[in-house]
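*Asks:* Submitted below is the structure of interest, expressed as structure tokens.
The values are calculated or read from the model by the stated rules, or taken from the named source; none is laboratory data. Note that the structure is a prediction, hence the values are computed from the model and not measured. Because the Cβ atoms are built from the backbone with ideal geometry, glycine has one as well, and the counts that use them run over all protein chains shown.
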Amino acid sequence: MNLKTLSKVCAPSIALMNKLKYPVKIGLLSFMVIGMCAGIIGFLLNNLQTQADFSIKERKGVEFINPVKNLILDLQKYNDNNPNVSKSDIEKDVAAVDEMDAKYNEIMKVEDKWTSLKGNLASISKNKAQNAELVSQATAIMDNITNQSNLILDPDLDTYYLMDSFCLRYSNIIGKAFALKENGLNKIQGKPYSQLDLIKTKVLMDEQNEITKANLAVIYGFNPSTQSDLDAVSIDSYNANAEFLNLTEKLINGAKISPSIYVSSAENAISKTKTADEQYSKILYELAGKRVDKYEGQMPISVAITLIALLVIGYLFAGFYISLVSSVTEISNDLLASASEVEAEAEELSSASQRLAEGNMEQAAAIQETASTLEESSSMVNQNTENTRMAASMAKLAKAASDKGALEISELLGSMTELKSSSDQIAKIIKVIDEIAFQTNILSLNAAVEAARAGDVGKGFAVVAEEVRNLAQRSAQAAKDTAAIIEGNIALSERGVSASQRTSDALNEINTQVMKVSEIIDEVAIATEEQNQGIHQINQAMSQMSIVTQNNATIADENVSAVDSLSEQTQNIKTVINGLISLISGDA
């Protein structure tokens, strides 16, 4: 992009800057740069704060989920007739969840569900179906907390798999372990049981147990420091679950297993899994806290870096402006001094030229008096000679102009003919474009029909086909409009060719008449020249002297005019320089 094009593009900006003083321009640019930097830092701080708030919400979710998980576990144990869990233990769990609900309900939004569950817990009994429903309600509350606290949506891979095991896998494993324990014990004791449920629950628990093991490798890959805290409890949980699942596999295959051994293995798996779950909760809470500290720690650093950048930019702008003012002022002062010197020299030259002009005028007057007698006797002859020369010269100029006009008209005629030919070619091209647009329209209609036949699969293609059709119709309309304009141009070209031809004929006629006039004037000029030769030889010496004197006077007058003009330009330069100094310094 050249300077001329860039000036057109930036015309509004140039007009605005031309109206402003340089200090205002610098201030405006500084303000814009500072505003951009402020916007950037605002965006960075907002992003960091959003990330910090996201992690803070995750920590609150972990903190809320723990007492809910304890309540679910105690409900499962109570439903399993575990002698170590009583209603008082469940009441303690309810109090702990109540505390979290009062603290975080505005974020987690589980008050209604929790109020309903709490009312049902008030009348808890040994009814297994009722207690299973209570466990389901508590699990739904835990899932709601997981969603509201962003735990299930964690975008950072360094904690995602940790949250997956904590929020989903271990809770499912404990629930499946209780279900296997109850159903398997019924089979061992000869009570009613479901072999299919036993197999399905065993497969699901085994799947969840393997997923936690696979998650562990990924967790260590992103956070090697967690291995020392998670390795032992994770392996113990995995092995305890695997042992219990092996016993269940044997039971499913018909093996005889002691009830006490089966119950002990189930309770060991549940206990180890709960221990691992608590450790995961602790590590997850710590990692989320570290992430919050990292984001909050980056905020003052971002502010400091931006402020430093703003100070550096302001400092550089100030240095640029001061340097610009100093440089322009120094150059302007030098130009002012030079202009003053030129002005003084111009005044001296003007005075000398004036004296020379006066002397030449006096000399010319003396020569004029001497030659007046000769001029009076030959004035008529000279006048005739001069008029004849002028007529001959004008006739030649007229002929030359006529010849040139005829040539130009001939070229114009050729150009108009080429223009008409080009317009015809363009009309053909436009017709081809119109045909292409018509064919494209037909193809787009066919594509739309095929897309409609394709049903939902072709909906996207139908939209594209409709857009292609619209473009084809617009191209056809544009081709028609362009064709109309081209047809108008062709008509104008034909009229131009006809007018050019008539003009060419008229100029040829004029040229013929001018040649005849020129011949007559040449004959008159020859006769007048022979008559004037005698007088010319007498007057030649005086004329030469007069010409030289007049030339000297003219040159002297031109010198005076040139010097006056130079003086005036010098004043203008001084005014411009003073204006430039005022503009740069901001005084104007």
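Residues checked against (1) at pLDDT below 85; (2) closer than 25 Å to Y285 by Cβ:
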| site | (1), (2) |
| --- | --- |
| K92 | no, yes |
| M100 | no, yes |
| S123 | yes, no |
| A132 | no, no |
| I152 | yes, yes |
| D156 | yes, yes |
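*Asks:* Something else: Quick check on this structure: which one of K181, K187, K200 is basic (K, R) and within 16 Å of K274 (Cβ to Cβ)?
*Replies:* After applying the criteria, what remains is K181.
*Asks:* Exactly one of (1) in contact with a Ser or Thr (Cβ under 9 Å, 6 or more places away or on another chain); (2) at pLDDT below 75 is unmet by T549. Its number?
*Replies:* (1)
*Asks:* Shifting gears a bit: When you go through S498, S493 one by one, which is the residue that is within 30 Å of K431 (Cα to Cα), modelled with pLDDT of 80 or more and assigned to a helix (DSSP H, G or I)? Break it down into steps so the answer makes sense when it comes.
*Replies:* Details: S493 fails: modelled with pLDDT of 80 or more.
Answer to the selection: S498.
*Asks:* Check whether at least one residue in the range 455-474 is surrounded by 17 or more Cβ atoms within 10 Å (Cβ to Cβ) and touching a residue at least 60 places away in the same chain (Cβ under 8 Å), and report yes or no.
*Replies:* The answer is no, given that none of the residues of the range 455-474 is surrounded by 17 or more Cβ atoms within 10 Å (Cβ to Cβ) and touching a residue at least 60 places away in the same chain (Cβ under 8 Å).
*Asks:* If we scan the range 200-207, do we find a residue that is more than 30 Å from F64 (Cβ to Cβ) and among the basic types (K, R)?
*Replies:* Within the range 200-207, one or more residues are more than 30 Å from F64 (Cβ to Cβ) and among the basic types (K, R).
*Asks:* So, one more: Select, from D557, D587, D564, the only residue that is among the acidic types (D, E) and at pLDDT below 70.
*Replies:* D587
*Asks:* Quick check on the range 257-264. Is at least one of its residues surrounded by 18 or more Cβ atoms within 10 Å (Cβ to Cβ), hydrophobic (A, V, I, L, M, F, W, C) and touching a Gly at 6+ places or on another chain (Cβ under 9 Å)?
*Replies:* no
*Asks:* Here's a follow-up. Considering only the range 1-105, give the helices (runs of 4 or more DSSP H) lying wholly within it that have at least 3 residues that are buried (at least 16 other Cβ atoms within 10 Å of the Cβ) and touching a Phe, Trp or Tyr at 6+ places or on another chain (Cβ under 8 Å).
*Replies:* Per the criteria, 22-79.
*Asks:* Still on this structure: So how many residues does the range 543-565 have that are surrounded by fewer than 17 Cβ atoms within 10 Å (Cβ to Cβ), in contact (Cβ under 8 Å) with a residue 60 or more places away in the chain and more than 18 Å from R355 (Cα to Cα)?
*Replies:* 2
*Asks:* Cβ-Cβ below 8 Å, separation at least six or inter-chain, first residue in the range 65-88 and farther than 18 Å from W114 by Cβ, second of a type in the set (D, E) and in a helix (DSSP H, G or I): which pairs?
*Replies:* Sorted first by the residue in the range 65-88, then by its partner, the pairs are Y78/D89; D80/E182; V85/D74.
*Asks:* Looking at the range 225-235, which of its residues are surrounded by 18 or more Cβ atoms within 10 Å (Cβ to Cβ) and either of a type in the set (S, T, Y) or outside any helix (DSSP H, G or I) (or both)?
*Replies:* Listed by number, the residues that qualify are T226, S234.
*Asks:* If A451 passes every condition in (1) at pLDDT below 80; (2) small (G, A, S); (3) touching a Gly at 6+ places or on another chain (Cβ under 8 Å) but one, which one does it miss?
*Replies:* (1)
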